There are 2 protein chains.
Amino acid sequence: MHKKQLLYFFTIIVLLNQLVAAEITTVRMQNNKLPTIKEIAKKLNVSVSTVSRALHDHPSIGLVTTMRVHKVAKELGYEVNKSAIYFKERKTYTIGVIIPSLAEPFFSSALCGVEDFAGQFNYNVIIGQSLDSFEREKRIVENMKDHRVDGILVSLTKETSTYEHFDNLKKYNIPIVFFDRVPQKKDIHFVSCNLHSGMLQAISRFVDAGHKKIGLINGPAKMAATLQRLEIYFKCLKENNLPINYDIIASTTLSKDDNIKAIRKLIDQDEMPTAVMVFNDYVLLDCIATVKAAGLEVNKDISFISFANLPIWEYMDTRPLASIEQFSYKQASIATDFLFKLIDANNKGDHTEVNYLQQIIDSEMVNYPLK
Amino acid sequence: MHKKQLLYFFTIIVLLNQLVAAEITTVRMQNNKLPTIKEIAKKLNVSVSTVSRALHDHPSIGLVTTMRVHKVAKELGYEVNKSAIYFKERKTYTIGVIIPSLAEPFFSSALCGVEDFAGQFNYNVIIGQSLDSFEREKRIVENMKDHRVDGILVSLTKETSTYEHFDNLKKYNIPIVFFDRVPQKKDIHFVSCNLHSGMLQAISRFVDAGHKKIGLINGPAKMAATLQRLEIYFKCLKENNLPINYDIIASTTLSKDDNIKAIRKLIDQDEMPTAVMVFNDYVLLDCIATVKAAGLEVNKDISFISFANLPIWEYMDTRPLASIEQFSYKQASIATDFLFKLIDANNKGDHTEVNYLQQIIDSEMVNYPLK
DNA sequence: CTGTTAGCGCGTTCAT
DNA sequence: ATGAACGCGCTAACAG
């Protein structure tokens with residue numbers, strides 16, 4: 001016991017001496033490049049590996065040495081150069097997110113979900129806006145591959161219908177998880193939102209309110225979401241024993257002009273629909289303006305339910321009966337979770353090809369009380 | 001002439017032979033790690049430096065060798081590992097953007113500006129949401145420093161009033177450019193938006209419309225923008241020969257409850273203001289709802305002008321006379337431009353401390369026609 | 001307990 | 001025209 005105490009005492013004396021000595025020679029090298037373990041090693045006349053280990057408090061290094069190293073490191077303002085480590089580990093602790101547009105709340109909220117989740121794992125997120133251009137999407141994928149991101153999350157452009165640019169990533173062991181706008185394939189990891197639950201709630205709500213002619217304003221033909229909406233619309237009509245009537249189905253390319261044309265097609269007829277499912281809230285905004293301009297009263301002459309559940313409705317005087325929430329934040333969070341699972345599997349060299357991670361969450365109708 | 005042609009002819013024969021030979025032995029190593037120049041070198045019995053040069057079409061390498069290298073590289077699916085290069089160059093071709101929240105259109109549009117601009121330079125953008133938490137901001141800065149980003153763009157949290165965590169980056173030669181929410185310091189690079197131009201337009205518009213009592217709903221006391229708005233408000237009143245009246249000045253922490261309290265303070269008095277400058281469009285949304293609920297008519301009993309110029313107003317029935325646009329996209333683009341200038345200077349070792357890059361752009365009032 | 005060596009992938013002198 | 005050797009910053013296997 002006494003011996004041990006003595007040892008500690010002695011150690012402290014030694015340390016103090018060194019510390020003082022060190023402080024005197026402190027000449028911070030503010031000149032240019034950052035201090036490295038090599039410099040610490042030189043200053044202390046020890047090897048770089050000793051420094052490395054000391055910095056990590058490796059048990060095999062003596063207390064005295066460890067403390068001296070820490071001291072000098074601090075003096076020099078040393079901080080580990082992670083890019084060296086990343087390089088060595090062949091990892092970047094960065095994931096890429098490719099979304100059509102940051103300007104759309106749906107996607108910025110998704111990005112939010114990714115960022116929140118990734119942040120907890122000390123992962124960085126790099127972003128790429130495809131702006132719904134297939135070419136840009138390809139470029140971004142290439143770029144992210146070049147940067148050797150550890151994984152990629154993607155919501156497809158409206159134009160994307162081939163997926164070679166993604167398959168190519170397999171070679172680099174870069175896992176990829178799709179969300180919301182996902183490929184029509186089975187051999188992928190993805191999270192998407194099932195529109196049936198929400199749309200069924202919507203159509204039923206219309207039916208319960210006595211509506212018989214329930215129209216649809218759909219999106220661009222090439223978008224997967226469009227076909228999906230149409231099928232589900234038919235299905236929901238059937239489930240409510242309503243006939244299909246192509247006169248009350250319109251579509252839009254999502255441009256303002258087209259949105260207006262679409263709703264005009266529906267209301268400019270004798271037997272106009274009294275209720276309409278609308279592709280999304282943006283289209284609906286144009287529809288409402290058009291309907292009003294035509295002298296019709298929303299929620300009386302014609303009722304709407306659309307997709308998106310934008311926060312703005314809360315402040316609008318005229319709003320739909322409801323909107324169908326697709327949980328972009330949640331979708332993105334789950335997708336990120338999937339991605340980390342895949343990255344983990346990669347790290348462990350788990351090449352037993354994990355089963356495809358897939359999840360389809362239910363959409364949900366959110367009612368807006370009448371004002 | 002003839003000799004040269006012969007040489008070419010011969011060369012081609014040789015190449016063809018090799019190509020065929022190579023194709024036969026093509027056994028793509030799909031197993032695990034990516035091909036490197038070393039493997040190409042081994043396969044061709046040349047040195048890595050030769051491969052490296054050939055890949056860059058260095059003139060000193062013979063045509064034949066160059067083509068063989070390219071051929072094998074293609075077969076192996078070789079692609080340069082940029083993280084090795086980044087590591088060597090001590091660069092990452094990545095910039096960080098720190099913003100309070102992705103959910104706010106103002107900031108997501110700013111991010112958009114950064115992304116667009118950075119994309120043109122083949123730079124990547126990593127994001128960090130401070131969520132208006134000083135602690136988070138500090139953590140994100142640390143994290144970005146660890147990742148050795150080449151530069152950082154920041155819009156401060158509402159809480160930030162000390163800047164040591166940024167000063168610290170100087171040591172790492174990581175330039176910083178602030179935008180919109182900038183520090184109250186002189187020795188920084190920044191882009192911000194001058195509210196005076198827009199507010200003066202607004203107050204003048206009110207005055208022209210005959211308003212004498214022009215109130216103000218301001219933001220949280222600790223936000224720089226708040227003090228600024230107050231000063232400019234006073235200045236604009238003065239410029240229009242209007243007296244200062246503290247009864248028609250309120251403030252809010254930006255929570256919904258507080259927004260409502262603020263507008264209530266103004267309208268629950270005998271001599272209520274007939275026009276009000278509002279901190280931003282979000283606050284105004286609550287104000288409008290409150291005012292209506294109180295039985296007042298917007299743009300008749302009371303008029304508003306606020307800051308933000310949200311796109312939603314286009315679709316609203318009740319909206320302010322105007323909103324003051326602060327050009328987040330433009331601010332962010334300029335800030336990114338500044339950042340690249342600084343990064344460039346860094347690359348050239350220009351340590352002559354470039355003058356501080358600073359720009360203040362004018363805000364602008366955007367009128368909304370009455371519906 | 002500590003030092004030596006090797007290697008991650010690439011570009012770059014400096015020789016040859 | 002080509003190769004050998006070095007270095008970027010760090011970790012780790014191996015050798016005392």
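No lab work stands behind these numbers, since they all come straight from the coordinates. What you are looking at is a predicted structure, and each value in this text was computed from that prediction instead of being measured. Every residue, glycine among them, receives a Cβ derived from its backbone with ideal geometry; neighbour counts consider all protein chains shown.
For chain B, which longest stretch is free of loop sites, where a loop site is one of the GluC sites (Glu not before Pro) that DSSP puts outside H, G, I, E and B and that has at most 12 other Cβ atoms within 10 Å? Spell out each step's value before the answer.
On the way: sites that count: B:E271, B:E297, B:E353.
The answer is B:1-270.
How many partner chain Cβ atoms sit within 10 Å of a residue's Cβ in peptide A:286-295, on average, as a whole number?
Per-residue shielding by partner chains comes out at 1.
When each copy gets a label point 7 Å from Cα toward the beta-carbon at A:K33, what are the spacings between them in nm, shortest first?
Counterpart label points of A:K33 in the remaining copies fall at 2.5 nm.
What is the magnitude of the charge dipole of segment A:165-295 about its Cα centre, with +1 placed on the Cβ of each Lys and Arg, -1 on the Cβ of each Asp and Glu, and no other charges, expressed in debye to the nearest 20?
The calculation lands at about 340 debye.
Quote the charge dipole size of segment A:288-366 about the Cα centre in Debye, to the nearest 20; the model charges only the Cβ of Lys and Arg (+1) and of Asp and Glu (-1).
In debye, rounded to 20, segment A:288-366 gives about 140.
Please compute the volume of the convex hull spanned by the alpha-carbon atoms of the protein assembly as shown and report it per residue in Å³.
Roughly 268 Å³ of hull volume per residue.
Can you spot the lysines whose alpha carbon is less than 19 Å from A:K43's alpha carbon? Ignore those fewer than 8 places along the same chain.
Those lysines meeting the cut-off are A:K33, A:K71, A:K74.
Which residues in segment A:257-277 have a backbone N closer than 13 Å to a point placed 7 Å from the Cα of A:A209 along the Cα-to-Cβ line?
Correct set: A:274-277.
Using +1 at the Cβ of each Lys and Arg and -1 at the Cβ of each Asp and Glu in segment A:265-345, identify which of A:T274, A:A289, A:S328 lies farthest towards the dipole's positive end.
A:S328
Please order B:I305, B:I98 by the number of other Cβ within 10 Å, starting at the fewest. Please list the in-between numbers first.
Values: B:I305 26, B:I98 23.
Fewest to most other Cβ atoms nearby, the residues stand as B:I98, B:I305.
Quick one: how many lysine pairs does segment B:163-242 have with C-alpha atoms less than 30 Å apart and a gap of 8 or more or different chains? Give me the count, please.
20
What nm distance separates the two modelled labels at B:F234 and A:D362, each placed 7 Å from Cα along Cα→Cβ?
Result for the modelled spin labels: 5.9 nm.
Which Cα, out of A:P105, A:S83, A:I152, lies furthest along the positive dipole direction of segment A:66-153 (beta carbon charges, K/R +1, D/E -1)?
The residue sitting most towards the positive pole is A:S83.
Can you grab the distance from the C-alpha centre of segment B:68-89 to the C-alpha centre of segment A:43-104, Å, no decimals?
A separation of 27 Å, based on Cα centres.
Just flag the trypsin sites (Lys or Arg not before Pro) in segment A:257-316 sitting in loop per DSSP whose Cβ has no more than 11 other Cβ atoms within 10 Å.
Filter output for segment A:257-316: A:K300.
Order of B:I343, A:I140, B:I99 from fewest to most other C-beta atoms within 10 Å?
Ordered by Cβ neighbours within 10 Å, fewest first: B:I343, A:I140, B:I99.
Once Lys and Arg get +1 and Asp and Glu get -1 on their Cβ, which of A:Q201, A:I188, A:Y315 lies farthest toward the positive end of the dipole of segment A:172-325?
It is A:I188.
What is the magnitude of the charge dipole of chain A about its Cα centre, with +1 placed on the Cβ of each Lys and Arg, -1 on the Cβ of each Asp and Glu, and no other charges, expressed in debye to the nearest 20?
1920 debye
List, shortest first and in nm to one decimal, how far the label point of B:L296 (7 Å from Cα along Cα→Cβ) is from its counterparts in the other copies.
So the label point of B:L296 gives 3.6 nm to the other copies.
If you filter segment B:166-221 for trypsin sites (Lys or Arg not before Pro), then keep DSSP loop positions with at most 13 other Cβ within 10 Å, what is left?
Working: sites: B:K170, B:K171, B:R181, B:K185, B:K186, B:R205, B:K212, B:K213; in loops: B:R181, B:K185, B:K186, B:K212, B:K213.
When the trypsin sites (Lys or Arg not before Pro) of segment B:166-221 are filtered for loop state and at most 13 Cβ neighbours within 10 Å, B:K185, B:K186, B:K212 remain.
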